[in-house]
Amino acid sequence: MDFWPEFLASSWGKEFVAGGFGGVAGIVSGYPLDTLRIRQQSSGSGSSSAINILRGIVRNEGLAALYRGMGAPLASVTFQNAMVFQIYAVLSQAFDTSVSIKDPPSYKGVALGGVGTGAIQSLILTPVELVKIQLQLQDQNRPKTHPMYCHKGPLSVARSIFHTKGLRGMYRGLGITVLRDAPAHGFYFWTYEYMREQFHPGCRKSGQESLRTMLVAGGLAGVASWICCYPLDVIKTRLQAQSPLAPLKYNGIVDCLRKSVREDGYGVLWRGLGTAVARAFVVNGAVFSAYEIALRCLFNNGDHASIPTENAL
């Protein structure tokens, strides 16, 4: 995402709002693919392709099931995006003080700032993704001893987990989320800053790259960040997919890794990667478009409205 130089602007609230619009657009556009990814990762059968899973969902649960659980990330996306933008802006400068505050952060600062941002945001993201995954997998996780077990929304899931497992249960998967998001954000920010500069030399300082440049650079950054951390994401999904009403199958990260590989082979660690990569490009495109359009609408002084959109890469 385009974190520089917007967060040095005095009207920080506009970036907060724009970040919220971008986050909402990304979630809405990519959520069906996210549901397919989660189902692929949690499936015990390696033969379940995204197309077969999609057909099964539409046939047995209806199209609305592709958006089940979207309320949890939507409810937190504005604050989460604003927090990520602000933390990254601060950390990317703090990790390399040799660069002037008037200049964009160095690539070293970008990477380290991304790692720190990913680690910190995990504190908010862990319970949100836990609730989301529980809703996305509700039908296949319904215990036989609780045939009427059905949550109506994210609050119902959160109350159930908190009641049965306490606050610790809400943070199941925190460790693996940190291990996933810290390096992934480092790769994400570094790739984005590097690629936008390659597509449009000098744009990191001038801020005059085209919208197309931001979309493509962001899409590539999203793909790179997913590829580097994908096996960790599979383990995270399996840990957080366990029903709070049934005995836990996995006792931790290592135990989940061993049992998953023993049952389904090493290929399980990459199951659903194609769906995740496709979603990453779609989501980042939507996020960048919504974010930049919102900034241009919110800023009336013309600074952001002048960003070119028609230039070629």
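The values are calculated or read from the model by the stated rules, or taken from the named source; none is laboratory data. Bear in mind that the values here come from a model prediction, so they are computed numbers and not experimental data. Note: ideal-geometry Cβ built from the backbone for every residue, glycine included; neighbour counts use all protein chains shown.
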Residue within segment 162-181 that is at pLDDT 95 or above and either more than 24 Å from the chain's Cα centre (by Cα) or more than 24 Å from Gly23 (Cβ to Cβ) (or both) present: yes
Cβ-Cβ under 8 Å pairs, at least 6 apart or on other chains, segment 111-134 side more than 21 Å from Ala158 (Cβ to Cβ) and in contact (Cβ under 8 Å) with a residue 24 or more places away in the chain, far side outside any helix (DSSP H, G or I) and of a type outside the set (Asp, Glu): Leu112/Phe95; Gly113/Phe95; Gly113/Pro105; Gly116/Phe95
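Filter segment 59-71 for residues that are surrounded by 13 or more Cβ atoms within 10 Å (Cβ to Cβ) and under 17 Å from Leu33 (Cβ atoms); which is nearest to the chain's Cα centre (by Cα)? Explain how you work it out, then say what you get.
First, pick out the residues of segment 59-71 that are surrounded by 13 or more Cβ atoms within 10 Å (Cβ to Cβ): 61, 65-71.
Retained after the next criterion (residues that are under 17 Å from Leu33 (Cβ atoms)): 61, 65-70.
On the way: Glu61: 25, Ala65: 20, Leu66: 17, Tyr67: 16, Arg68: 17, Gly69: 15, Met70: 13 Å.
Taking the candidates together, the pick is Met70.
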Subset tally (residues that are buried (at least 19 other Cβ atoms within 10 Å of the Cβ) and more than 12 Å from Phe187 (Cα to Cα)) for segment 211-227: 6
Test: residue in segment 101-117 that is under 23 Å from the mean Cα position of the chain (by Cα), within 21 Å of Ala25 (Cα to Cα) and of a type in the set (Gly, Ala, Ser): no
Some residue of segment 85-103 being crowded, with 22+ Cβ neighbours inside 10 Å, part of a loop (DSSP other than H, G, I, E, B), at pLDDT 85 or above and small (Gly, Ala, Ser): no
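Can Tyr31 be described as touching a Phe, Trp or Tyr at 6+ places or on another chain (Cβ under 7 Å) and either modelled with pLDDT of 85 or more or assigned to a loop (DSSP other than H, G, I, E, B) (or both)?
Details: touching a Phe, Trp or Tyr at 6+ places or on another chain (Cβ under 7 Å): yes; either modelled with pLDDT of 85 or more or assigned to a loop (DSSP other than H, G, I, E, B) (or both): yes.
It is true that Tyr31 is touching a Phe, Trp or Tyr at 6+ places or on another chain (Cβ under 7 Å) and either modelled with pLDDT of 85 or more or assigned to a loop (DSSP other than H, G, I, E, B) (or both).
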Subset of segment 34-58 [touching a Ser or Thr at 6+ places or on another chain (Cβ under 9 Å) and crowded, with 22+ Cβ neighbours inside 10 Å]: Asp34, Leu36, Arg37, Ile38, Arg39, Gln40, Gln41
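Residues being in contact (Cβ under 8 Å) with a residue 12 or more places away in the chain and either farther than 25 Å from Gly30 by Cβ or touching a strand residue (DSSP E or B) at 6+ places or on another chain (Cβ under 8 Å) (or both): count how many of those fall in segment 261-280.
The initial filter retains those residues of segment 261-280 that are in contact (Cβ under 8 Å) with a residue 12 or more places away in the chain, namely 263-265, 267-280.
Filter again for either farther than 25 Å from Gly30 by Cβ or touching a strand residue (DSSP E or B) at 6+ places or on another chain (Cβ under 8 Å) (or both), leaving 263-265.
Selection size over segment 261-280: 3.
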Residue under evaluation Lys236, criteria (1) out of contact with any helix residue (DSSP H, G or I) (no Cβ under 8 Å at 6 or more places or on another chain); (2) at pLDDT 95 or above; (3) not polar (S, T, N, Q), criterion not met: (1)
